[in-house]
Amino acid sequence: MRDGPWSNYDRGVRTSACSLACIFVALRVVAQPSFVEQGYNHFYNLEYEQAIADFGRAVALNPEDPELHNHVAQAIVIQEMYRDGSLESELVSGTNSFLRRPKLNPAPGTEKRFLDELARAMSLSEERLRKNANDTAALYALGISYGLRSNYYWVVKKAWRDSLKDANAARRMHHRISEREPGNVDARLVQGLHDYIVGSLPWTYRMFGFMVGLRGDKARGIRTVEDVAHNGRVNRVDAEIFLCALYRRESQTRLAIPLVEDLIRRFPRNYLLRLELSQMYSQAGDKARALEAVEQIALLKSRHAEGYDRVPWEKVYFQEGTIEFWYNDLDRALEHMKKVTRAAEEVDLNTGVLAWMRVGQIYDMSRRRTEAMEAYRKAIAYAPQAEAAQESRRYLTTPYKRP
């Protein structure tokens, strides 16, 4: 099966840690103390509490290093996205569903710590740049801080103009590093992501970008990220993760599969990567391997493999049901989706509302209209602001039909 009709495959599919809100993560540019390396191993394995603890220990040893404060801030905001289910949503899809998601609502203490760490990082970087305007490490750290604050405005506050302005500041700073150090491949990642994301935004949002001097170029952005993924030294992992998302968004799933498989080998406790691999095989038309990847998650969970006890069975059922839905195995898809809806408290809002919508769509495809409308109403009640709830409202008046 070719990618064609699957290009808008499933607004509920997962993209592991590849979402729009992760554009300007706190990328590492120099060899770091062991606490930071340990922290990033936890980070990429979805163990955010341990990552934050390790980064905090690194800060305690060297409180004047702005990069370390950036690491803490990054882990805090990504942890909130993980808890919200945002790391599993198709946030870089052609539908740009992330633009319509509600704000995150972190606890006040969590938000304060994030902002305090960010403020400290920016202050330390600016102080070093006042002493030496050519301090590229400080310039890089300050660019990352602006990028993280851009994430904050985008994800938490939904303040588009402020987010784009900070994103532009981050790009400019890292561009200055590239001018001074042409061989610094790692410093180009932010620029590549900036080019791609801005070039992909709907026209309404791009207008905000034009107002603050932003320009985007999708093709150039992909080339830049590929360069970092192939030739980067310390940012190669980050580039590979982002490249998976970009390939998938551009319906080049086959290019992404070997990257995801390599990431799974490196970070075996990250179950989101296996969910992503399953979706990629499914989108590429390989149902057998897609289901096999889900079955591997179930097997690891059954064996209590490290990192897999935290995976709710409902995540496995939802993944299986999603694949079966798109391959017209409707009876089994309905069975799996009903398992999710019966225990919706075990999953995030995004998964729960999508499961109810899928139940409604399956009933519509089976000409069971009364039951379909009941399922759509439950989707709307479950998470009224979610995109799937908005879509379900349309199906109350017009029955779902497979594209």
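Numbers for the structure displayed
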quantity	calculated
Where a residue in region 162-180 is farther than 21 Å from Ala133 by Cα and its partner, wherever it lies, is of a type in the set (A, V, I, L, M, F, W, C) and surrounded by fewer than 18 Cβ atoms within 10 Å (Cβ to Cβ), with Cβ under 6 Å and at least six apart	Leu164/Phe208; Leu164/Val212; Lys165/Val212
Residue ID - modelled with the lowest pLDDT, chosen from residues in region 83-108 that are open to solvent by 50 Å² or more (accessible area, probe 1.4 Å) and closer than 23 Å to His42 by Cα	Asp84
Per-region count, region 146-161, residues touching a residue at least 40 places away in the same chain (Cβ under 8 Å) and over 20 Å from Ala239 (Cβ atoms)	8
Qualifying position, being of a type in the set (Ser, Thr, Tyr), open to solvent by 20 Å² or more (accessible area, probe 1.4 Å) and either closer than 23 Å to Gln385 by Cα or modelled with pLDDT under 95 (or both), among Thr341, Thr322	Thr341
Filtered residues of region 374-395 (kept if surrounded by fewer than 18 Cβ atoms within 10 Å (Cβ to Cβ) and either basic (Lys, Arg) or touching a Pro at 6+ places or on another chain (Cβ under 6 Å) (or both))	Arg377, Gln385, Arg393, Arg394
Any hit, region 162-175, residues being open to solvent by 40 Å² or more (accessible area, probe 1.4 Å), modelled with pLDDT of 85 or more and of a type in the set (A, V, I, L, M, F, W, C)	no
Residues (of a type outside the set (D, E, K, R) and either touching a residue at least 40 places away in the same chain (Cβ under 8 Å) or in contact with a Ser or Thr (Cβ under 7 Å, 6 or more places away or on another chain) (or both)) located in region 313-324	Phe318, Gln319, Thr322, Ile323
Tabulated pairs, region 41-69, first open to solvent by less than 20 Å² (accessible area, probe 1.4 Å), second charged (D, E, K, R) and not in a loop (DSSP other than H, G, I, E, B), C-beta under 6 angstrom, 6+ apart or interchain	His69/Glu117; His69/Arg120
Neighbours by Cβ (under 6 Å, 6+ apart or cross-chain): first from region 355-379, of a type outside the set (A, V, I, L, M); second part of a helix (DSSP H, G or I) and open to solvent by 60 Å² or more (accessible area, probe 1.4 Å)	Trp356/Lys378; Trp356/Tyr382; Tyr363/Glu371
Matching residues in region 274-287 - criterion: being part of a helix (DSSP H, G or I) and open to solvent by 10 Å² or more (accessible area, probe 1.4 Å)	Arg274, Leu277, Tyr281, Lys287
Selection count, region 116-163, where residues are of a type in the set (A, V, I, L, M), within 18 Å of the chain's Cα centre (by Cα) and closer than 21 Å to Ser200 by Cβ	2
Complete set of residues in region 110-137 that are modelled with pLDDT under 95 and aliphatic (A, V, I, L, M)	Leu115, Ala133, Ala137
Residue match in region 356-373 (condition: in a loop (DSSP other than H, G, I, E, B), open to solvent by less than 10 Å² (accessible area, probe 1.4 Å) and of a type in the set (A, V, I, L, M, F, W, C))	no
Residue within region 302-309 that is in a helix (DSSP H, G or I) and buried (at least 19 other Cβ atoms within 10 Å of the Cβ) present	no
Of all residues making up region 124-144, the number that are touching a residue at least 24 places away in the same chain (Cβ under 8 Å) and open to solvent by 40 Å² or more (accessible area, probe 1.4 Å)	3
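Residue-wise test of (1) without any contact (Cβ under 8 Å) to a residue 60 or more places away in the chain; (2) assigned to a helix (DSSP H, G or I).
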site	(1), (2)
Ala219	yes, yes
Thr224	yes, yes
Arg233	yes, no
Phe242	no, yes
Leu255	yes, yes
Leu259	yes, yes
Arg265	yes, yes
Leu272	no, yes
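The values are calculated or read from the model by the stated rules, or taken from the named source; none is laboratory data. These figures come from a predicted structure and were not determined experimentally. Please note: Cβ atoms are built from the backbone with ideal geometry, for glycine as well, and neighbour counts cover all protein chains shown. Ligands, DNA and RNA are excluded from the accessible area calculation, which covers all protein heavy atoms including side chains. Shrake-Rupley method; radii C 1.70, N 1.55, O 1.52, S 1.80 Å.
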